[in-house]
Each structure stands twice: as C-alpha cells, then as structure tokens.
1. Scan the range A:307-354 for residues that are of a type in the set (Phe, Trp, Tyr) and closer than 21 Å to A:GLY290 by Cβ and jot them down.
2. Could you check B:GLY110 against (1) at pLDDT 90 or above; (2) buried (at least 21 other Cβ atoms within 10 Å of the Cβ) and say which number it fails?
3. So, in the range A:225-272, of the ones that are among the polar types (S, T, N, Q) and crowded, with 18+ Cβ neighbours inside 10 Å, which residue ends up farthest from the chain's Cα centre (by Cα)?
4. Considering the range A:337-374 alone, what residues qualify as being free of Cβ contacts under 8 Å to residues at least 24 places away in the same chain and of a type outside the set (A, V, I, L, M, F, W, C)?
5. Tell me whether the range B:146-156 contains one or more residues that are more than 15 Å from A:ARG11 (Cα to Cα), out of contact with any helix residue (DSSP H, G or I) (no Cβ under 9 Å at 6 or more places or on another chain), without any contact (Cβ under 8 Å) to a residue 12 or more places away in the chain and part of a helix (DSSP H, G or I).
6. Specify the residue that is farthest from B:ALA175 (Cα to Cα); the eligible residues are those in the range B:40-51 that are more than 7 Å from chain A (Cβ to nearest Cβ) and surrounded by fewer than 24 Cβ atoms within 10 Å (Cβ to Cβ).
7. Report, by residue number, each residue of the range B:64-84 that is at pLDDT 90 or above and crowded, with 21+ Cβ neighbours inside 10 Å.
8. Take B:HIS37 and tell me if it is at pLDDT 90 or above and within 11 Å of chain A (Cβ to nearest Cβ).
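The values are calculated or read from the model by the stated rules, or taken from the named source; none is laboratory data. Since the model is a prediction, treat every value here as computed from it, not as a measurement. With ideal geometry, Cβ positions are generated from the backbone for all residues, glycine too; neighbour counts draw on all protein chains shown.
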Amino acid sequence: MIDPRRDDRERLPEPVRDYLGELGRLEPPADLLDGALDRIAALPAPRRPFPWVRGAALAAGAVAVAVVVVGGGLLTDDRPPGASASPVPTPLELSPPPLDALPAAGTVEATFPIPPGTAPALHAHGSLWLTSDPPATLTRVDPATGDVLATIELSTLTARRYNTAPVSDGRWIWASAGGDETIVRIDPQTNEIVDRYPVEAAGYQMLATGTDVWMTDFELNVLVRIDADTGAVISRTRMPIGPAGIALTDEGLWVSIWNAPRLLLFDPDTMEQLAEYRIAENSIKVEVSGDSLYISGNAGRPAERFSIPERRVVAQTEEMNVVLLADRPWGMTFDGRLVRLDPATLAWQAGRQVDMAGCDCDSLVAGTDRLYIGTGAAELVVIAP
Amino acid sequence: MSGRHADPREGATTVDGLVRRARDGDLRAFEQLVEPHLARLYGLAAGMVGPEEARDVAQDTLVSAWRELPRLNRADRLDAWLRSILMNRARNVLRARRRHPAIPFDPAIGHGDALHHEPMSALAGRWAVEEALGRLRPDERAVVVLHYLADLPLREVATTLGLREGTVKSRLHAALQRLRVALAAEEAS
C-alpha cells in the first residue's frame with residue numbers, strides 16, 4: 001500500500017516505511033472471518049434502533065462479561081467458550097482474597113536450618129539442591145532431615161548476580177558456574193563435578209533434556225545450546241534483549257523475554273523464530289504442564305497461564321513464583337503467601353502465610369510430593385500438600 | 001465452516017441489499033459484505049497494534065460492526081465505517097497498553113562471534129521500529145498508519161478519526177518528529 005514514489009507526503013523514516021509496508025502486505029489469518037462469525041453467531045440478532053429508545057441497539061449488543069474468579073481471572077469477554085479469538089492480555093486489576101478466607105494450603109511438616117545465604121533451587125535425585133549467591137556453591141540437603149549431604153564449590157570467581165540455575169536431566173545435575181562463564185556436570189552419585197565446559201555465558205535459567213542443555217543469559221542477551229555429551233556449544237543465539245524463562249514442548253522452544261512483553265517460540269533445531277506472543281513484561285520463568293505454560297516474573301508482573309492451543313494468555317493472578325507439584329500450580333508471593341492455584345483460572349484455592357523472616361523473596365521449590373520454602377532466617381520450611 | 005460461505009446460486013447482490021439482509025440477522029450476507037475488506041482491516045490493525053494482536057482487533061471490529069450495523073447510514077461508506085470502528089478499537093488497545101507500559105528495551109547484542117545464529121537481527125530492527133511506534137500517542141500512530149499504510153489523504157484521515165484536518169497535520173508532524181528522534185537514538189546506542 002505504501003508507494004515510495006509518492007513525494008507529496010512528508011517523508012516517513014525508512015525503517016518505519018518498510019515496516020508498515022510489510023504489515024500492509026500481510027495476509028489475514030485464514031480463521032479471521034470464521035472466528036468473528038463464531039462469536040457473532042453466539043450473540044443476539046442485531047435490532048433496529050427505535051428513535052424513542054436511543055441506545056437500545058447498543059444495550060442489546062453490549063454483553064461484555066469479565067469473569068474474575070477469586071484471586072485469578074479468566075481473560076474473557078463476550079465470546080463463547082472455546083472461541084479462538086484472544087483479547088489483549090492486559091493485566092486485570094485483581095483483588096486476591098485474604099488468606100483467612102481460604103482453606104489452609106497444606107501443612108507445615110518440618111522446619112530445618114539451612115546454611116546462611118542459601119536458598120532451595122532444585123529437587124532432584126531425592127535431594128534438595130540449594131544455591132548461594134555469591135559465591136557459587138551448590139549445597140545438597142536431605143529433604144527429610146535437613147542434613148547437609150554435600151557442598152559443591154562451582155566457582156571461586158565472584159559470581160554474577162544471576163547464576164547457578166541448577167537443573168537435572170535425570171542422570172546428571174547441570175549448573176552454571178556464573179563468574180567464570182562455565183557450566184558444570186555433577187554426578188549425583190558422588191557429588192563430584194565430572195566435567196566443566198566453557199560456554200561464555202552465565203545461566204539465568206537452564207533446561208536439560210538429556211541430549212542438550214539450554215541456558216538463557218539475560219545480561220549478555222544470549223541463548224546457548226550445549227551438547228550434553230561433549231559440552232560443545234551447538235548454538236549461541238543473540239537476542240535483541242534479555243532472554244529469561246525457557247521451556248521445551250512439542251511445539252518448540254519457548255523463550256520469555258525479561259524486559260520486553262514477549263514470549264518467543266523457536267524451532268530448537270534451527271533456532272528459526274516461529275512465533276511471537278505478547279505477555280506481561282518482566283518474565284523470569286516458564287513452567288510447562290499439559291497444554292499450559294505458567295509464566296512467573298517480578299517487578300509487579302502478574303503470574304500468567306499461557307494456553308498453548310489458544311496461543312494466548314488466558315489467565316492472570318498476582319505477582320508470584322509459580323511451581324508445579326504433581327502438575328498442579330502453586331505460587332509464592334514475595335510477602336510469603338503460599339497459595340494453591342486453580343490450574344485453569346489461577347484462582348486461589350487455598351492459602352497459607354509463611355513467615356519469611358524479613359526476606360523479600362519467593363523462594364519456592366516443588367519436590368515429588370512436598371513443597372520447600374527458603375526463608376530469610378536460614379530455614380527450610382517443608383510443606384505437605 | 002464451509003457452510004457459511006456465500007452461495008453462488010444467490011447471484012449478485014448489492015451492498016445495500018447485503019446490508020439490509022445482514023441487519024435482519026443474515027450472517028451469510030454479513031460475511032459477503034465484509035469479506036472484501038478483510039485484508040485492508042487486518043493490515044490497518046497490524047499497523048496500529050502490531051501483528052500479534054492484529055487478528056484480535058480485526059475480529060473485534062467485525063463483531064462490533066455486526067452489532068452496530070443498524071447504525072450504518074450509508075452502505076456506500078461501508079469501508080470508511082469499518083475503518084473507523086477498527087481505529088477506535090485499536091486506539092483503545094493502545095491506550096490500555098500505555099496504562100501498562102512496557103519497559104523500553106536496549107537492543108544491545110550479546111558477545112562472542114563463533115557459532116552465532118542470528119535469526120534475531122531482523123527482529124531487533126523490527127522491535128526498534130515497534131518501540132518507536134509504541135512511543136507515539138494513539139492518535140499520532142493512527143494518523144501515521146492511515147496516511148502511510150492505508151494511503152489516505154489527510155482529509156480522509158481526519159474524517160476517520162473525527163478530527164479537524166489541521167489537527168491531523170500537526171499530529172502527523174509531531175509523530176514524524178518523534179519517530180525520527182527515537183530511531184536516531186536507537187542507532188546512536
């Protein structure tokens with residue numbers, strides 16, 4: 001639609017002209033019209049306005065329904081259930097219920113002391129793995145007794161602020177050593193570092209598949225893929241802005257961007273960008289359960305459920321760290337409210353106030369059947385659901 | 001969905017006739033009525049709110065058009081009428097976005113040269129333009145999109161947005177200034 005030969009208009013900057021030109025040539029999605037007709041079919045038939053009741057037609061048509069369930073909200077409007085059109089995922093103004101109005105979320109099973117400066121980061125191989133920041137160490141703890149089983153020094157260098165990000169691929173523990181920009185492979189049988197690989201990045205979030213290890217480094221704006229057998233860097237993808245959360249599904253590799261309101265989908269083999277979706281900014285972490293991505297963050301960002309089939313954010317709730325216990329979402333707010341969430345709506349189903357001892361943190365890890373919370377008093381709180 | 005597509009046995013129908021039938025609840029007539037406008041509406045929506053939300057805005061426009069059809073006074077102005085609905089919807093989306101602004105991003109890129117895939121370089125440029133457009137006020141962006149993407153003369157832009165032509169001119173000038181400044185700052189960084 002943009003004709004560069006036209007010179008009677010004030011000149012548009014070239015990148016903007018190209019961008020708008022591209023948009024003007026976009027083919028509308030095949031289901032655009034059908035989706036609208038689906039929605040229309042669910043509406044009352046249009047009525048002719050009568051002069052003596054001005055606005056009657058508007059009133060007849062204006063059936064906007066905003067569903068807000070306690071503490072969580074489905075982003076719906078007037079469309080029927082299952083309709084594919086998505087509203088703009090604007091954060092809703094939510095009023096989460098007071099915790100005393102909810103059933104208690106689990107029971108406190110135990111409280112153990114943990115080394116000062118550590119926080120739970122991973123449950124794997126029957127143990128809880130605590131990180132410290134800095135220096136970069138991993139502390140392995142027996143979650144039933146609180147006994148320290150091992151302390152593994154990852155790097156003597158001053159760690160970058162965001163580091164370690166331990167993950168398990170079922171056989172090995174992988175962790176970023178932060179300051180020296182290496183990742184380490186740890187044998188959980190011996191608690192020894194068996195390999196150390198230079199990757200020129202510090203893991204903000206990591207993902208281990210057994211054949212590959214993926215890591216995001218949002219300070220260097222890179223997404224790194226490492227061969228789990230050889231430690232070789234298979235790809236290093238530069239991003240225009242900081243990648244943070246990462247998840248792998250049949251659809252591809254999902255990467256959330258911390259300081260842009262975006263969720264990107266890549267082909268993991270070619271790193272071709274397949275799609276781009278709008279989510280709230282300041283995402284940190286992406287968890288997968290079934291056909292949902294639970295996206296957590298900070299800086300006041302709402303926690304979100306992104307529906308993979310619908311390709312949109314369908315529910316939001318207050319800022320919290322969302323983890324999955326037996327595939328069900330639980331969340332921890334920065335002021336110590338532990339809540340069990342409805343998997344679809346993120347409505348708060350149960351809640352508990354945890355004394356975080358002044359720690360402005362949301363340190364929550366899910367094990368196989370327990371939740372683990374690290375407090376500011378160097379304590380580990382074990383919650384039985 | 002194939003059952004909904006226009007039945008050729010019905011023969012040619014005038015826009016007036018389709019509007020009348022659609023007003024009486026004939027969804028197939030409505031489909032015939034709006035189908036020729038889909039590409040333009042979608043392009044405009046993409047220009048206003050970005051491609052990822054264009055589908056939603058275009059669909060919302062069609063649903064609104066159906067509801068508001070009894071208020072369409074001149075069937076021969078259907079294109080302009082749909083455009084006005086879309087621009088109102090898109091400006092509302094942009095206003096909502098401004099209430100929850102994204103943090104401006106710094107497209108500084110990572111380090112290291114080996115083994116780089118760079119599928120993101122084009123994306124970085126695009127995001128820079130989106131960022132610059134995102135800094136425009138909704139009315140400024142609307143003027144730019146209608147004038148340059150939809151290729152409308154300023155008088156028509158003014159009619160679409162319900163503004164005076166002089167106001168449109170000043171908003172266009174301000175918008176272009178902002179875009180130049182934003183893109184220059186981007187390049188400098």
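1. Initially, the range A:307-354 is screened for residues of a type in the set (Phe, Trp, Tyr), giving A:330, A:334, A:348.
Hits for the range A:307-354 are A:TRP330, A:TRP348.
2. It fails just one condition, (1).
3. Filtering the range A:225-272 for residues among the polar types (S, T, N, Q) gives A:230, A:235, A:237, A:249, A:256, A:259, A:270.
Those still in the list that are crowded, with 18+ Cβ neighbours inside 10 Å too: A:235, A:237, A:256, A:259.
Values: A:SER235: 23, A:THR237: 20, A:SER256: 7, A:ASN259: 13 Å.
Only one residue fits best here, namely A:SER235.
4. First, pick out the residues of the range A:337-374 that are free of Cβ contacts under 8 Å to residues at least 24 places away in the same chain: A:355-359.
A:ASP355, A:GLY358, listed by residue number.
5. So far as the range B:146-156 goes, no, none of its residues is more than 15 Å from A:ARG11 (Cα to Cα), out of contact with any helix residue (DSSP H, G or I) (no Cβ under 9 Å at 6 or more places or on another chain), without any contact (Cβ under 8 Å) to a residue 12 or more places away in the chain and part of a helix (DSSP H, G or I).
6. Filtering the range B:40-51 down to residues more than 7 Å from chain A (Cβ to nearest Cβ) leaves B:40-41, B:44-45, B:48-50.
With the extra rule that they be surrounded by fewer than 24 Cβ atoms within 10 Å (Cβ to Cβ), the set shrinks to B:40, B:50.
On the way: B:ARG40: 22, B:GLY50: 17 Å.
Among those residues, the one meeting the criterion is B:ARG40.
7. Our first condition is that a residue be at pLDDT 90 or above; within the range B:64-84, this holds for B:64-66, B:78-84.
Hits for the range B:64-84 are B:ALA65, B:TRP66, B:LEU82, B:ARG83.
8. Details: at pLDDT 90 or above: yes; within 11 Å of chain A (Cβ to nearest Cβ): yes.
Here the answer is yes, as B:HIS37 does meet what is asked.
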